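Just below is one structure, and these are the notes that go with it.
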Amino acid sequence: LNVGVSGPGVVSSAIKRAGQCDFSTLAETIKKYNPSIFTTVTDPVIQTRNEVVKAPRRKLSDEDYEWALEALKRRDELPEDELAFATEYAEGNEGIGDTFDLEIHTIQLGPWTIVGLPSEIFSEIGLKIKAMSPFTNTLIFELANGTNGYITPDHIQKTSTYEAKYAK
């Protein structure tokens, strides 16, 4: 079940619909697809770890800076989110460090590990974290304990996509 929040009542509506579903077929399908996720733990392990890492910060391009200056000339016409970013972008790169603090939380519950990130990440970053994980079952939870905006791969940073525009 994947519930995306896009307006009032969306979550409660999705929960009501989910309550009417028979999830036994879904569970059996998952077991057939990846039986290794259903394990018996004889010696349960529960561990947690939090660490603050220095992540590289995106620097504004000259184009972003010019966009911000032009956008602020029409501030009364801008949507609230664009006004906020234009205001931030207009400050330029002065005083912005090369890195920002990114607090990462991990919880190990037997063969399962949950990685909590305070950001929205691109799927390829999540897949890389899973591939590098020493644990068989690694789950990535986004927007855990706050948000630092989008974290995108370098090749996305060079595009003009929504996520690249609003990434740290």
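The values are calculated or read from the model by the stated rules, or taken from the named source; none is laboratory data. Quick caveat, the model's predicted, so the values are computed rather than measured. Positions of Cβ are generated from backbone atoms using ideal geometry, with glycine treated the same way; all protein chains shown enter the neighbour counts. These accessible areas exclude ligands, DNA and RNA; they are computed on the full protein's heavy atoms, side chains included. Shrake-Rupley method; radii C 1.70, N 1.55, O 1.52, S 1.80 Å.
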Listed by first then second residue, the pairs whose first member lies in region 122-133 and is within 21 Å of GLY149 (Cα to Cα), whose partner is open to solvent by less than 80 Å² (accessible area, probe 1.4 Å) and acidic (Asp, Glu), with beta carbons under 8 Å and at least 6 positions apart or on separate chains, are PHE122/GLU163
Within region 145-162, track down each residue that is within 16 Å of SER123 (Cα to Cα), at pLDDT 70 or above and not polar (S, T, N, Q).
GLY149, TYR150, ILE151, PRO153, ASP154, HIS155, ILE156
Which numbered condition in (1) modelled with pLDDT of 90 or more; (2) under 17 Å from the mean Cα position of the chain (by Cα) is the only one that ARG74 fails?
(2)
Considering only residues that are closer than 18 Å to PRO153 by Cα and open to solvent by 40 Å² or more (accessible area, probe 1.4 Å), which ones fall in region 90-124?
ASP98, THR99, ASP101, ILE104, GLU120, PHE122, SER123, GLU124
Between PRO79, PRO8, PRO35, which is surrounded by fewer than 11 Cβ atoms within 10 Å (Cβ to Cβ) and either at pLDDT 80 or above or touching an Asp or Glu at 6+ places or on another chain (Cβ under 7 Å) (or both)?
PRO79
Among (1) touching a residue at least 12 places away in the same chain (Cβ under 8 Å); (2) open to solvent by 40 Å² or more (accessible area, probe 1.4 Å), ARG74 falls short only on (1)
